[in-house]
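Notes for the one structure printed next.
The values are calculated or read from the model by the stated rules, or taken from the named source; none is laboratory data. Because the structure is a prediction, the values reported are computed rather than measured. Cβ coordinates were reconstructed from backbone atoms using ideal geometry, including for glycine residues, and neighbour counts include every protein chain displayed. All accessible areas refer to the heavy atoms of the entire protein, side chains included, with ligands and DNA or RNA removed. Shrake-Rupley method; radii C 1.70, N 1.55, O 1.52, S 1.80 Å.
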Amino acid sequence: MNNVAYYHFTIGKFKATIIGDGQAQFPPHPLYAPNASKTQVEDALSNHFLPTDFYTLQCNVMLLERDKEKILIDTGAGTSLGPQLGKLYHNLSAIHVKPEEITSILITHCHLDHISGLISENGAPNFPNALIFLAEKEWNFWKEDFIDLSPMLLEDAFKQNFINAAHRNLRPLRDKIQTFKFGQEVVSGVYAIDAVGHTPGHTAFLIQSDNVSFLNVGDVFHHPAFDLEHPEWATAFDQDPKQAYKTRIKMLDQAATDKVMLTSYHVPFPAVGHVRKKGNHYEWEGIMWKF
Ligand SMILES: [Zn+2]
């Protein structure tokens, strides 16, 4: 079975598309919610009618098109997490977008599942004409030879994969990387929002056009069953779980109050919807499929 995953919609003058990069299975605990018990995590999954022995991680990249501009937000996992992910390149061809037409790539953060689509298996840039936009704080962290991932609750070999992916995908593009500060308009109509915690420069992007607003929250939350329903649940990938929690609450409260439509990278495809506040947690309301 194979579904080509793309979903088109509009944000004012932008044509927006969510492009699925694929999915892969991981043990749910302790990767997702190391600060909860295995039973709590299994209960959360079964409450959502999901298997409890594995968790299916999806990655969903956003494409924004306006006139000749073609902007990607994140680039998928490339080959970093196995053959089930890394479908962005193939799925772009399904919507007749050529890699050389991509003008800008905005990166939410430099974890391997977000940046490994930048460089091909043979070491060449996948998007040769694109400028890469990255928060200054994020670039300053990941550009170093020594990257301190000690807060991540992962085995050393897995942590090393994150470091290798950052070096492999960012260093060849050094001359094309442009850094931004939070609050800045990165490309016309797309603003960088401080969403630090998950990584030191983790960024959300607010897209505005014709009085329509849309939020791309990156990894501010991962799955409706986990850190939406249990916003206090961390992930093993958080650099600063306490700050990630503060950011999550702040951004979700705002999104719920403003009723702003949003995408979150790991929410099940098409990964577009709204959040609703219920007591001290949140619910996901996915958009209805448009034919
Ligand atoms: Zn991620």
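Can you work out the accessible area per residue across the chain, with the rest of the protein chains kept in place, probe 1.4 Å, in square angstrom? Don't jump to the answer; show the numbers that get you there.
Details: 13270 Å² over 291 residues.
Accessible area per residue, the chain: 46 Å².
Please report, in debye to the nearest 20, how large the charge dipole of the chain is about its Cα centre when each Lys and Arg carries +1 at its beta carbon and each Asp and Glu carries -1 there. Can you show the working numbers first?
Values: 25 positive and 33 negative charges, 120 e Å.
Approximately 580 debye in magnitude.
Would region 128-184 count as rounded, prolate or oblate if I go by the C-alpha gyration tensor, calling it rounded below 1.5 in a/c and otherwise prolate when a/b exceeds b/c, oblate otherwise?
Values: a/c = 2.76, a/b = 1.59, b/c = 1.73.
Oblate, since a/c reaches 1.5 and b/c is not below a/b.
Hull surface divided by four, with the convex hull built on the Cα atoms of the chain: how many nm²?
Working: hull surface 57.6 nm².
Result: 14.4 nm².
Does a label point 7 Å from the Cα of Ser37, set along Cα-to-beta-carbon, have any residues of region 210-242 with amide nitrogen under 18 Å, and which are they?
Residues 230, 232-234 qualify, since their backbone N sits under 18 Å from the label point.
Within 10 Å of each candidate Cβ there may be at most 16 other Cβ atoms; applying that plus a DSSP loop requirement, which trypsin sites (Lys or Arg not before Pro) in region 1-80 survive? Each step should come with its number before you reach the end.
Numbers: sites: Lys13, Lys15, Lys38, Arg66, Lys68, Lys70; in loops: Lys13, Lys68.
Answer in residue order: Lys13, Lys68.
GNM, the chain, Cα, under 10 Å: largest mean-square fluctuation among His114, His198, His29?
Per the Cα network of the chain with a 10 Å cutoff, His29 tops the list.
Given contacts defined as C-alpha pairs under 8 Å and at least six residues apart, what's the relative contact order of the chain, whole-number percent? Don't skip to the answer; put the middle values down first.
On the way: 638 pairs, mean separation 52.4, N = 291.
After rounding, I find 18 percent.
Compute the Rg/Rh shape ratio of region 1-152: radius of gyration over Kirkwood radius, all on alpha-carbon atoms. Display every interim value, and only then the final one.
Values: Rg = 17.3 Å, Rh = 17.1 Å.
Result for region 1-152 is an Rg/Rh of 1.01.
Order the peptides 237-248, 178-189, 71-82 from the highest to the lowest mean number of other Cβ atoms within 10 Å of their residues.
Working: 237-248: 19.5, 178-189: 15.1, 71-82: 23.8.
The peptides rank, most packed first, as 71-82, 237-248, 178-189.
May I ask you to order 57-65, 255-263, 165-173 by the average number of other C-beta atoms within 10 Å around their residues, highest value first? Don't jump to the answer; show the numbers that get you there.
Values: 57-65: 23.6, 255-263: 17.0, 165-173: 19.0.
Highest mean packing first, the order is 57-65, 165-173, 255-263.
Express the carbon and sulfur contribution to the solvent-accessible surface of the chain as a percent, rounded to the nearest whole number, probe 1.4 angstrom. If you can, show how the numbers build up before the last one.
Details: 6880 of 13270 Å².
After summing per-atom areas, the C and S share lands at 52 percent.
I need the peptides 42-48, 221-227 ranked by packing, meaning the mean over residues of other C-beta atoms within 10 angstrom, with the highest value on top.
221-227, 42-48
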